[in-house]
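Participant: I have a structure here, written as structure tokens, and I will follow up with some questions on it.
The values are calculated or read from the model by the stated rules, or taken from the named source; none is laboratory data. All values reported here derive from a predicted model rather than from experimental measurement. Cβ sites come from the backbone with ideal geometry, for glycine too, and all protein chains shown count toward neighbours. Note: accessible area is taken over every heavy atom of the protein model, side chains too, but ligands, DNA and RNA are not part of it. Shrake-Rupley method; radii C 1.70, N 1.55, O 1.52, S 1.80 Å.
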Amino acid sequence: AAGMFLRLLSDVRWRAANAKWRRMTCSWRSTSSTAEPHPVSLPAQAQVVICGGGIMGTSVAYHLSKMGWKDIVLLEQGRLAAGTTRFCAGIVSTARHVSIELKMADYSNKLYQQLEQETGVKTGYVKTGSISLAQTQDRLISLKRIASSLNVMGIPCEIITPKQVAQLHPLINIHDLVGAMYVPEDALVSSANVSLALATAASRNGVQIHERTSVSHVSVQKGCVTGVETDRGQIQCQYFVNCAGQWAYELGHSGEEPVNIPLHACEHFYLLTHPLKEPLASNLPTIVDPDGRIYIRNWQGGILSGGFEKNPKPLFTEGRNQLEIQNLQEDWDHFEPLLSALLRRMPDLEALQIMQLVNCPESFTPDMRCIMGESPTVGGYFVLAGMNSAGISYGGGAGKYLAEWMVNGYPSENVWPLDLKRFGTLQSSRTFLRHRVMEVMPLMCDLKVPRWDFQTGRQLRTSPLYDRLDAQGARWMEKHGFERVKYFVPPGKDLLDLDQSKTFYKPDWFDIVGSEVKCCKEAVCVIDMSSFTKFEISSTGDQALENLQYLFSNDLDVPVGHVVHTGMLNEKGGYENDCSIARLSKRSFFMISPTDQQVHCWTWLKNRLPNDSTLTMEDVTWKYTALNLIGPRALDVLSELSYAPITPEHFPSLFCKEMSVGYANGIRVMSITHTGEPGFMLYIPIEYALHVYNEVMNMGQKYGIRNAGYYALRSLRIEKFFAFWGQDLDAFTTPMECGREFQVKLEKGMQFVGQEALLEQKQNGVYKRFTMFILEDHDTDMDLWPWWGEPIFRNGRYVGKTTSSAYSYTLERHVCLGFVQHFDEKTGEELVVTTDFINQGEYEIDIAGQRFQAKAKLYPFSSLFTHRRRKDEVELSGYQRE
Amino acid sequence: FYLTPPQVNSILKANEYSFKVPEFDGKNVSSVLGFDSNQLPANAPIEDRRSAATCLQTRGMLLGVFDGHAGCACAQAVSERLFYYIAVSLLPHETLLEIENAVESGRALLPILQWHKHPNDYFSKEASKLYFNSLRTYWQELIDLNSGETTDVKEALINAFKRLDNDISLEAQVGDPNSFLNYLVLRVAFSGATACVAHVDGVDLHIANTGDSRAMLGVQEEDGSWSAVNLSYDHNAQNEHEVERVKMEHPKSEEKSLVKQDRLLGLLMPFRAFGDVKFKWSIELQKRVVESGPDQLNDNEYTKFIPPNYHTPPYLTAEPEVIHHKLRPQDKFLVLATDGLWETMHRQDVARIVGEYLTGVHHQQPIAVGGYKVTLGQMHGLLTERRARISSVFEDQNAATHLIRHAVGNNEFGTVDHERLSKMLSLPEELARMYRDDITIIVVQFNSHVIGACQNEE
């Protein structure tokens, strides 16, 4: 079978390139000092060892060597570009939902376009354009949202009618289409040749490439990479890059210190045909028909068509020894639905003769986004894998960002959505991965609607109250494996089933969440927020305080019992984390961070705190159940359950006290709610969770207490202009840019990470500003709802994107949060954003191509606060995590 | 009278049960993937029973079918008790001691079996104490015997069968002060049951058979076709060795009366069985027990009736014939079924129908284009047709149900005929038994990956 594939894919062009390639192979060998021609022995040491000679490995090598790192060895177990890279369809498509993915694809496209000129290796690059078809109105909305993002990125793109589709492609049946998106600059390449071109350029820059060399494991000492073991000997190295594609998981687990890389392979099928009678033009646009689950590109006068079926076939669950990639079989019965979709889309192809059904496994990740970055457990161990079948589109950009990360210590864009550290060991069970990728692969074609939740791999981490809340109608979502309540469906009320509730418009839970919000405003609600990451840091002397003062931007030297909101900033002043820290005693601190910070924050602190037995840090996430008691009557409920006075005089805002609630002692009560509403967070040792919950619910009855979920919380915090890390805030956002200078100890003469960058910003001004937008002419019932990522226009010019949005039940308007930038009208250069600039503009938010007027605000509405009982104790911070 | 397809399905699926051996972390380390089982009654109430359980203190899984006669009491008792006897026979000395000590000191017992039961598969609550005491006596004897040798599975199976039958006999002779229990133990002893039990542990498959139920292995040949391998011998008049054995055990003078009309003493079809004390006890013992027994027993003509030419009991034994088979990767499944199935279907057909069902569409001769000239349209037509054909297979989620559907509904062309199926299933109770027997089927599916890996290790 391997021979068959080879014959099929090695067209004339490939062979030409291949011949050249072999010649070049010889030329490296002649330049190397050893006289022996075969095989060249491995160097004893190198700065970087890259494992994997596919598009990812070669792209990383290419970019590292461009950035000036030369001492690099690339190892490939077989031949270069022989794995998934070899067999993949070679479509470069920029139509992506996530902004960082879009940027990577755009960069890749531009890189590949000039690669042939740069290296002399024929890459087969043809700018064909791509057309994404919509069979339904919802699909068209989804495409329009992408089109809006592409346009503001400067990537040409237009929404076209079915008739225009027919003009662009002669074979398409347009009768069932409602529209399409045309991206004229998308391209086709020979993916293997792109990889070879990158390798050629890298080797010219000094990278040593060794084929037929497989890495057996990576050696680690004191938590850092020291070298690799291969079947041809050892190489000492400082950095290791795992670009092993679908073998990345296994390779990660082969060392003594396992590196969890959660990905899993699925079989992926595409069809190759003989040429049509009148061979198709090589510049004919690629067709993507997501409703039919297929893509179709021209291929040597015929077509290449594959897709993402509803019932994928995961493989290599038990590891690589099961099957070799070349021996995978064609499965026509499995391909039947995709073939039907193809013939429906292009009925004239009936008479076209089949050449081959190719089975080319692709690796998928638990959240459909690729995996890059440094291992949280092993220093110097980098990963780039899990491309979810978009390896060619991402290859260039992903390689660039990883190279920047290695050389500079951080990439030039916010790559948190792709960071390996968004996962922990909990996503590494093979059963979990197998089940999850079976859901992820069909999602490639499914409609991406707001608030989508994965259905597989659920109920892994739960609060002790899970069953109780579930029995009361809780509907769940998941974050970092933890089940969290979205809202509670009242008894007797039925919501639409999952498929029907997918909408870009007003969702069916609108009134349910509305009543939860109302209860938070007028009475009291309980929200289980146990998923938060919780650390305890303590020391024998003042070490804890001293170290934390340096690592966190706000002043932590507060009286015992105070809670401080603070950023954990990087050197550039950007938020690596945003958290609340309670000073439990002189020498110990309790730190609460967002749920998905568990790995990242731990690694960040571990790497920066002194390795000293007198200073301890413990992850106590699992030890506490967290209940958020929100609302004006929270005080009354808590008063009745405790003898400790909790009136504002005794328990002002941002306080933390250990007290008893009911029979349970040692409950950490904090006067914060993460919403700006009055109330308390209760951190309860888990064995007391049910008791405290029952007491609170019983006592709360007379105050109208009810359960609420995260959707209510989200609405509350967004209308109060609270930013949250991971969506609004990231490593490229500073406190200055989101109006949080008051959370920074700039004036106190203390040194802390990011201080210089912030001082500079304070002096020179900021280049983007976190702003709140109230949609003016938006009809909640009839219009499309904002989500996030919508372009913001000021006086008709693009100035930035939204980062989150919610309906405010108080304002009865939609609120969007986002960043406003100031681009020079002529040069496009970024200018300082002043308060006046924000205030003196007419704003519009673009939702799927439709623009809505919006009012910009830099501070939350004070009128919202007037009815509150404790208005003088408003939490001043814009701070929230979800 | 006509049953719609959904009505037919609800009858066929009423007793179906499936068990999948849980996967751990993506790996299934058991050689058994799982099993499907089902029963279709002809008698009212059904006289067949089935059991399945995982041994918790030793490795392995037990599966069995039991065909009762002269009532269901004996089959019911054997289905509840036999696996405990087997499990205890397999236990190492230390575990037996541990269990005995736990009972002695009133501590919680180590669980011995994890049952995999359909909700209709009930256990008798009333007799559990009695059954437990007999079982305990058995393990106490095993402790005293302590041979020190590792337990041989074959021997354990034989001992367990014989011991249980012996206990059934003893319990009936001793009786019970509780009148309900007293009547129960007598009914158990005077009715009978055959048993066909499989013990699977890694690549070691043991079949212990007593009577005319049957175990059959489904083997996939290299060309993808299916063949059947018998793993048990029927103990009935068609089996020359059995007839020979029975004749050897009795004086020459009885040779003519031993087997008449293909039946033991002209009465009993299976030549080995549990219970059936009428073929085991001396005439005196039978008379004494019946006379001292409750009125219901005394009034029953069957129990009072002594078989003709009854000179040298016992004529019947529960001792099983045990066959050991080392599983190979091509051994895909095992079918255990009572004679109700084998009367209507040839084992070769059983192997084919189950094999094709279990592998579904994937291994049903995959299509390969190879060097042929095939157009997209032709391929599409072919695939659509295959899909239509396959969808009928997927009507059943249970291999045993699928087999019953064929057993009852097959026409002369070997395909399921709905009309026939409808007729057979709508027969009135009193007629049903004339057209078909109770059918009980367990289909065990093996994990070829695990079996292949075990083989390589060995």
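Participant: Which members of the stretch B:191-229 meet the condition of being buried (at least 24 other Cβ atoms within 10 Å of the Cβ) and of a type in the set (D, E)?
Facilitator: B:D212
Participant: Provide a single number: the residues in the stretch B:254-281 that are in contact (Cβ under 8 Å) with a residue 24 or more places away in the chain, farther than 12 Å from B:Y310 by Cα and surrounded by fewer than 24 Cβ atoms within 10 Å (Cβ to Cβ).
Facilitator: Adding up the residues that qualify gives 4.
Participant: Right, next: Could you please let me know if A:Q353 is at the interface with chain B (Cβ under 8 Å from one of its Cβ atoms) and closer than 30 Å to A:N242 by Cβ?
Facilitator: Numbers: at the interface with chain B (Cβ under 8 Å from one of its Cβ atoms): yes; closer than 30 Å to A:N242 by Cβ: no.
So A:Q353 does not fit the description; no.
Participant: Could you please find all residues in the stretch A:177-199 being modelled with pLDDT of 95 or more, in a loop (DSSP other than H, G, I, E, B) and open to solvent by 30 Å² or more (accessible area, probe 1.4 Å)?
Facilitator: The answer is A:V178, A:P184, A:E185.
Participant: State whether one or more residues within the stretch A:449-456 are among the aliphatic types (A, V, I, L, M) and buried (at least 24 other Cβ atoms within 10 Å of the Cβ).
Facilitator: There is no residue in the stretch A:449-456 that is among the aliphatic types (A, V, I, L, M) and buried (at least 24 other Cβ atoms within 10 Å of the Cβ).
Participant: Still on this structure, please answer the following. Can you tell me which residue is modelled with the highest pLDDT among those in the stretch A:62-85 that are open to solvent by 20 Å² or more (accessible area, probe 1.4 Å) and not in a loop (DSSP other than H, G, I, E, B)?
Facilitator: A:K66
Residue by residue, here is whether (1) modelled with pLDDT of 95 or more; (2) buried (at least 23 other Cβ atoms within 10 Å of the Cβ); (3) within 14 Å of chain A (Cβ to nearest Cβ) holds:
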| position | (1), (2), (3) |
| --- | --- |
| B:Y2 | no, no, no |
| B:E16 | no, no, no |
| B:D25 | no, no, yes |
| B:V32 | no, yes, no |
| B:I46 | no, no, no |
| B:G64 | yes, yes, no |
| B:A77 | yes, yes, no |
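Participant: If A:G399 meets every condition in (1) open to solvent by less than 10 Å² (accessible area, probe 1.4 Å); (2) away from chain B (no Cβ under 14 Å); (3) in contact with an Asp or Glu (Cβ under 9 Å, 6 or more places away or on another chain) apart from one, which number is that one?
Facilitator: Of the numbered conditions (1) open to solvent by less than 10 Å² (accessible area, probe 1.4 Å); (2) away from chain B (no Cβ under 14 Å); (3) in contact with an Asp or Glu (Cβ under 9 Å, 6 or more places away or on another chain), the odd one out for A:G399 is (3).
Participant: Tell me, please, whether a residue that is within 14 Å of another protein chain (Cβ to nearest Cβ) and either more than 16 Å from A:M56 (Cα to Cα) or touching a Ser or Thr at 6+ places or on another chain (Cβ under 6 Å) (or both) can be found in the stretch A:234-242.
Facilitator: no
Participant: Name the one entry in B:A75, B:A156, B:A102 that is in contact with a Gly (Cβ under 7 Å, 6 or more places away or on another chain) and assigned to a helix (DSSP H, G or I).
Facilitator: B:A75
Participant: Could I ask something else about it? Open to solvent by 10 Å² or more (accessible area, probe 1.4 Å) and either of a type in the set (V, I, T) or within 12 Å of chain B (Cβ to nearest Cβ) (or both): is that true of A:T377 in this structure?
Facilitator: yes
Participant: In addition: Considering only the stretch A:458-465, I want to know if a residue exists there that is touching a helix residue (DSSP H, G or I) at 6+ places or on another chain (Cβ under 8 Å), within 14 Å of chain B (Cβ to nearest Cβ) and in a loop (DSSP other than H, G, I, E, B).
Facilitator: The answer is yes; a qualifying residue exists.
Each row is one residue, and each column tells you yes or no for (1) among the aliphatic types (A, V, I, L, M); (2) more than 9 Å from chain B (Cβ to nearest Cβ); (3) open to solvent by less than 20 Å² (accessible area, probe 1.4 Å).
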site: A:A281; (1), (2), (3): yes, yes, no
site: A:D289; (1), (2), (3): no, yes, yes
site: A:N298; (1), (2), (3): no, yes, yes
site: A:G306; (1), (2), (3): no, yes, yes
site: A:N311; (1), (2), (3): no, yes, no
site: A:W332; (1), (2), (3): no, no, yes
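Participant: Same structure, new question: Mind counting the residues in the stretch B:178-210 that are of a type in the set (V, I, T), within 18 Å of B:A73 (Cα to Cα) and not in a strand (DSSP E or B)?
Facilitator: 2
Participant: So if I check each of A:I159, A:I50, which one is of a type outside the set (G, A, S), surrounded by fewer than 21 Cβ atoms within 10 Å (Cβ to Cβ), touching a helix residue (DSSP H, G or I) at 6+ places or on another chain (Cβ under 6 Å) and in a strand (DSSP E or B)?
Facilitator: Of the residues listed, the single one that is of a type outside the set (G, A, S), surrounded by fewer than 21 Cβ atoms within 10 Å (Cβ to Cβ), touching a helix residue (DSSP H, G or I) at 6+ places or on another chain (Cβ under 6 Å) and in a strand (DSSP E or B) is A:I159.
Participant: Follow-up question, since we're still on this one. Kindly state which strands (runs of 3 or more DSSP E) lie completely within the stretch A:224-267 and contain at least 2 residues that are under 23 Å from the mean Cα position of the chain (by Cα).
Facilitator: A:233-242, A:264-266
Participant: Another one. Kindly indicate whether any position in the stretch A:750-758 is closer than 25 Å to A:A626 by Cβ and either part of a loop (DSSP other than H, G, I, E, B) or under 21 Å from the mean Cα position of the chain (by Cα) (or both). Outline the logic, then answer.
Facilitator: Here is the first cut: in the stretch A:750-758, the residues closer than 25 Å to A:A626 by Cβ are none.
The answer is no; no qualifying residue exists.
Participant: On to the next question. Filtering the stretch A:315-330 down to residues that are open to solvent by 20 Å² or more (accessible area, probe 1.4 Å) and facing another protein chain (nearest Cβ under 9 Å), which residue is modelled with the highest pLDDT?
Facilitator: A:E330
Participant: Report, by residue number, each residue of the stretch B:124-148 that is loosely packed, with under 14 Cβ neighbours inside 10 Å and under 22 Å from the mean Cα position of the chain (by Cα).
Facilitator: Of everything in the stretch B:124-148, just one residue is loosely packed, with under 14 Cβ neighbours inside 10 Å and under 22 Å from the mean Cα position of the chain (by Cα), namely B:S128.
Participant: Give the number of residues within the stretch A:522-563 that are open to solvent by less than 10 Å² (accessible area, probe 1.4 Å), more than 21 Å from A:K748 (Cβ to Cβ) and out of contact with any Ser or Thr (no Cβ under 8 Å at 6 or more places or on another chain).
Facilitator: Qualifying residue count, the stretch A:522-563: 5.
Participant: Write out, first by first residue and then by second, each pair whose Cβ atoms fall under 8 Å of each other, whose residues are 6+ apart or on separate chains, and whose first residue, in the stretch B:111-124, is within 19 Å of B:L184 (Cβ to Cβ) while the second is of a type in the set (G, A, S).
Facilitator: From residues that are within 19 Å of B:L184 (Cβ to Cβ), the pairs are B:D121/B:S51; B:D121/B:S79; B:S124/B:A77.
Participant: Which of the following residues is modelled with pLDDT under 95 and in a helix (DSSP H, G or I): A:F742, A:F722?
Facilitator: After ruling out the rest, the residue left standing is A:F742.
Participant: Okay, moving on. Would you list the strands (runs of 3 or more DSSP E) that sit entirely within the stretch A:625-687 and hold 2 or more residues that are among the charged types (D, E, K, R)? Step through it out loud before you land on a result.
Facilitator: Values: elements: A:656-661, A:664-670, A:679-685.
By residue number, A:656-661.
Participant: What tally of residues in the stretch A:432-457 results from selecting those that are without any contact (Cβ under 8 Å) to a residue 40 or more places away in the chain and either in contact with a helix residue (DSSP H, G or I) (Cβ under 7 Å, 6 or more places away or on another chain) or hydroxyl-bearing (S, T, Y) (or both)?
Facilitator: 1
Participant: Inside the stretch A:86-127, can you point out the residues that are part of a loop (DSSP other than H, G, I, E, B), open to solvent by less than 40 Å² (accessible area, probe 1.4 Å) and more than 27 Å from A:E267 (Cα to Cα)?
Facilitator: A:G120, A:V121, listed by residue number.
Participant: Identify, please: which residue in the stretch A:483-495 is open to solvent by 20 Å² or more (accessible area, probe 1.4 Å) and within 32 Å of the chain's Cα centre (by Cα) and is, among those, nearest to A:T533 (Cα to Cα)?
Facilitator: A:K486
Participant: Only one of A:F742, A:F793, A:F819 is surrounded by 15 or more Cβ atoms within 10 Å (Cβ to Cβ) and touching a residue at least 60 places away in the same chain (Cβ under 8 Å). Can you tell me which? Quick ask: steps written out before the conclusion?
Facilitator: Values: A:F742 fails: surrounded by 15 or more Cβ atoms within 10 Å (Cβ to Cβ); A:F793 fails: touching a residue at least 60 places away in the same chain (Cβ under 8 Å).
Sole residue among the options that is surrounded by 15 or more Cβ atoms within 10 Å (Cβ to Cβ) and touching a residue at least 60 places away in the same chain (Cβ under 8 Å): A:F819.
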